[in-house]
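The values are calculated or read from the model by the stated rules, or taken from the named source; none is laboratory data. What you see is a predicted model; the values in this text were computed from it and never measured. Neighbour counts are summed over all protein chains in view; Cβ atoms, including those assigned to glycine, are modelled from backbone coordinates with ideal geometry.
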Amino acid sequence: MKKIAMAAIVGLALLSTAANADADKGKRIYQKKLKSVCGFSGGDFAAKHTQDEWTEAKEDGTLGEMMTEACPAGKDFFESSKFKKKFSSHLYDFVNDFASDSGNIPSC
């Protein structure tokens, strides 16, 4: 019985981890979908704003608009429902972790 309970706890822990946003996943999304469109690295993209500015945009619901300002060529992507439902939280974590005032430099 204890083994079943432990397996359930481990399973739930793994599922909840996968549901969280991830800066590394955001970096991969940027590399795959936006780097060639924007024409500059993810570090340059994230450094367009400070952590406070990215956070405020997320809280205000204007993250897509702010990202469009940083990369106008990606406007269609940032306005898509797939961005809003699937990618925005990961990209937010990425840009917040590598914002101009973060001191971090991504490898993309």
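Okay, here's what the table says:
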| item | result |
| --- | --- |
| Members of the stretch 98-108 found to be within 16 Å of MET66 (Cβ to Cβ) and either loosely packed, with under 13 Cβ neighbours inside 10 Å or acidic (Asp, Glu) (or both), listed by number | ASP101 |
| Qualifying residue in the stretch 72-88 (condition: within 13 Å of the chain's Cα centre (by Cα) and touching a residue at least 24 places away in the same chain (Cβ under 8 Å)) | yes |
| Any pair with Cβ under 7 angstrom, 6 or more apart, that starts in the stretch 29-46 at a residue that is farther than 11 Å from ALA73 by Cα and ends at one that is of a type in the set (Val, Ile, Thr) and assigned to a loop (DSSP other than H, G, I, E, B) | GLY43/ILE105 |
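Yes or no, residue by residue, for (1) at pLDDT 95 or above; (2) within 15 Å of ALA21 (Cβ to Cβ):
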position: GLU59; (1), (2): yes, yes
position: GLU65; (1), (2): yes, no
position: LYS85; (1), (2): no, yes
position: SER102; (1), (2): no, no
